[in-house]
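Here, each number is a calculation from the coordinates, and none is a lab measurement. For clarity, every value in this text was computed on a predicted model and none was experimentally measured. Methodologically, a virtual Cβ is constructed for each residue, glycine included, from the backbone with ideal geometry; neighbour enumeration extends over all protein chains shown.
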Amino acid sequence: MKIDCQVTEIILTNPDDREVAGVSVECSRCGHTTKSFGTTAKSVNRCLFLLRQECPNAEENFYVVTR
């Protein structure tokens, strides 16, 4: 199933306790979110991949970004 997701730019704390820019991607179906450092398309793609792996409902959805 194709699921639309919302991307939000956020501030994350890295292991050195420094604040860095990142992204949060939320599944529009269940509300599960994933986060990644960076704000590039690669960071968003990583979040989409993590959503598929971490789905709390054990679904194998295809996640896309709504623009």
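Rounded to the nearest whole Hz, the Karplus-based 3J(HN,Hα) values (6.51 cos²θ - 1.76 cosθ + 1.60, θ = phi - 60°) of region 10-18 follow the sequence 9, 10, 10, 9, 7, x, 8, 6, 9, with x at glycine and proline. Short-range pairs are left out: with C-alpha atoms under 8 Å and at least six residues apart, the relative contact order of the chain is 34 percent. In a shell of Cβ-Cβ distance under 15 Å around S43, excluding S43 itself, what net charge do Lys and Arg (+1) and Asp and Glu (-1) give? For residues surrounding S43, the net value is +1.
Rounded to the nearest 20, the size of the Cβ-charge dipole of the chain about its Cα centre is 260 debye, with Lys and Arg at +1 and Asp and Glu at -1. For the chain, the mean residue ellipticity at 222 nm estimated from helices alone is -6500 deg cm²/dmol, where every DSSP H run of n ≥ 4 contributes -39500 (n - 2.57) and the total is divided by all residues, rounded to the nearest 500. Based on the convex hull around the alpha carbon atoms, region 2-65 presents an average projected area of 4.1 nm².
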